[in-house]
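Inspection log for the structure reproduced underneath, given as structure tokens.
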Amino acid sequence: MATATEIAHQRCLSPTCGATFSVDEVRINCSSCGSLLDVVYDWDRARPPKSLQEFEAKWSRRYDPLCFSGVWRFHDLLPFAPPEKVVTVGEGQTLLQQADVVAKYAGLNAGSLFLQYEGMNPSGSFKDNGMSAAFTHAHMVGAKRAACASTGNTSASLAMYCAATQLMRAVIFIGAGKIAYGKLSQSLEYGALTVQIAGDFDDAMQRVREVSERLNIYLVNSVNPFRLEGQKTIMYRVLEALRWETPDWIIVPGGNLGNSSAFGKAFMELQELGLIDRIPRLAIINATGANTLYELVENRGLRFNAGRIDDDITTKYRQDLDAENKKASTIASAIEIIRPVNLSKCLRALDVCDGVVREVSDQLILDAKAKVGAGGIGCEPASAASVAGAKLLVEQGVIARSDRVVCILTGHQLKDPSATIAYHTTDQEKFNEVLGSRGVKRASFANRAVVVPNELEQIIKAISLYS
Ligand SMILES: *Cc1c(COP(=O)(O)O)cnc(C)c1O
Ligand SMILES: [Zn+2]
């Protein structure tokens, strides 16, 4: 059988360049033109499945970590690593759940809306899918230190893989005050070297690139093409849960745009391999306070254009950001990013999936989040942007009430308790401090605690009154 280096290569995304590099090389962009890199496969040499149903047989071999992992179960569709180098902590054991309470809220028919709950991953977010792949690549090339800039979940995931395997030391960069408590607590407890810089995610991202290059530390942000290979598997699991039937829509929050890029690549490859006959449409949802993709695609007409992306549009946009000294601002901290590193790959995904981009306010995000919680799953604010986006697209008539829609819940409910507590609080000052400052006016679906004196009769009276 062919070896991993014969099967897989890294290739420059730009069609006018197209430079290729070995999978053994560590790079975050093309050395000749600076574009992003893709992991590409020689499918004639690899052994892709003949049908997607083949993957179901792996369920009977769950004693094998490569079958147990929801990422590596699909190793045949990301064959860049030799099996003996694969690192797994049991990521990707996630579920697609029909969610009728949320469907009703979004204006969809009962039975039409599904939530892919990636909060069930070991570190509580979808990032583990990508991290197991990037970490595997880091291990393949013998890295001893790995770094990332993070709004919290990438760092929690990296720190976990480092602690659980003891293969590497984690170095994480975070913007001071820009990370939710649940996430910060994970990185600290897992023992990551945590560098807080005075700035936001976009600043931290810039610095970690410089530092990792200077100190030769392996970078695991989603500019790393191997991260995205792992994240493709979220779509494989969605298809699997729908008995390999393609849904009409996939809706995902957009931050650094790694996830949406990975989803597009997953469907592009499945179609190339003849494993699916239809590609779902993709909706990427920005927060209004971090709406770069929305602005570029929907207002300024930026398109993938077969890889010949109009640089003038992006350059002008970046100049506008600089001129206004604009910073990202949203309660959905995981998507509080206005210089997304995967922009070009994401444009390809929009092209492949006939996609649309929308922006939603923090008010809509938090109301949608409350509904997701009320439906029994729960998620962090950024994740709820997908549900808020579904509601908006149904209102706009872009999504039909009977369409089959999958919203990706990217992170666990317990990641950001401050936002949840502030939403449901009876303390107006607390509400204003955390949410009012974000333009959130009301908690439409608040479930307020009932305050009673410590007296039996009063407690009984309160319960009778409210239940
Ligand atoms: C990272 C993250 C996102 C954004 O994903 P991108 O791939 O950067 O677009 C959204 N939600 C959560 C919970 C995240 O952790
Ligand atoms: Zn190039």
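The values are calculated or read from the model by the stated rules, or taken from the named source; none is laboratory data. Quick caveat, the model's predicted, so the values are computed rather than measured. Because the Cβ atoms are built from the backbone with ideal geometry, glycine has one as well, and the counts that use them run over all protein chains shown.
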Completion exercise
Exactly one of PRO79, PRO83, PRO49 is within 23 Å of the chain's Cα centre (by Cα), more than 16 Å from ligand 1 (Cβ to nearest atom) and not hydroxyl-bearing (Ser, Thr, Tyr), and that residue is PRO79
Fill in the blank from the handout: Filter the range 20-37 for residues that are in contact with a helix residue (DSSP H, G or I) (Cβ under 7 Å, 6 or more places away or on another chain) and farther than 12 Å from VAL223 by Cα; the one that is surrounded by the fewest Cβ atoms within 10 Å (Cβ to Cβ) is SER22
Problem - Near pairs, Cβ below 6 angstrom, 6+ apart or cross-chain, from the range 421-434 (outside the structural domain of ASP367 (by TED's automatic domain parsing)) to any residue that is among the polar types (S, T, N, Q) and loosely packed, with under 12 Cβ neighbours inside 10 Å - result: HIS424/ASN447
Problem - Output for the range 272-304, where each listed residue is in contact (Cβ under 8 Å) with a residue 40 or more places away in the chain, away from ligand 1 (no atom under 16 Å from the Cβ) and of a type outside the set (A, V, I, L, M, F, W, C) - result: GLU272, PRO280, ARG281, GLU298, ARG303
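Residue-by-condition table, conditions (1) among the basic types (Lys, Arg); (2) surrounded by fewer than 17 Cβ atoms within 10 Å (Cβ to Cβ); (3) touching a helix residue (DSSP H, G or I) at 6+ places or on another chain (Cβ under 8 Å):
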| residue | (1), (2), (3) |
| --- | --- |
| ARG300 | yes, yes, yes |
| ARG303 | yes, yes, yes |
| ILE309 | no, no, yes |
| THR315 | no, yes, no |
| ALA328 | no, no, yes |
| LYS345 | yes, no, yes |
| LYS371 | yes, no, yes |
| GLY375 | no, no, yes |
Practice task
Filter the range 38-69 for residues that are surrounded by 14 or more Cβ atoms within 10 Å (Cβ to Cβ), out of contact with any helix residue (DSSP H, G or I) (no Cβ under 6 Å at 6 or more places or on another chain) and among the small types (Gly, Ala, Ser) and give the result.
Solution key: SER69
Practice task
Scan the range 438-452 and report the pairs whose first residue is more than 18 Å from VAL372 (Cβ to Cβ) and whose second residue is assigned to a loop (DSSP other than H, G, I, E, B), with Cβ atoms within less than 6 Å and a gap of 6+ or a chain change.
Solution key: ARG438/ILE331; ARG448/THR426
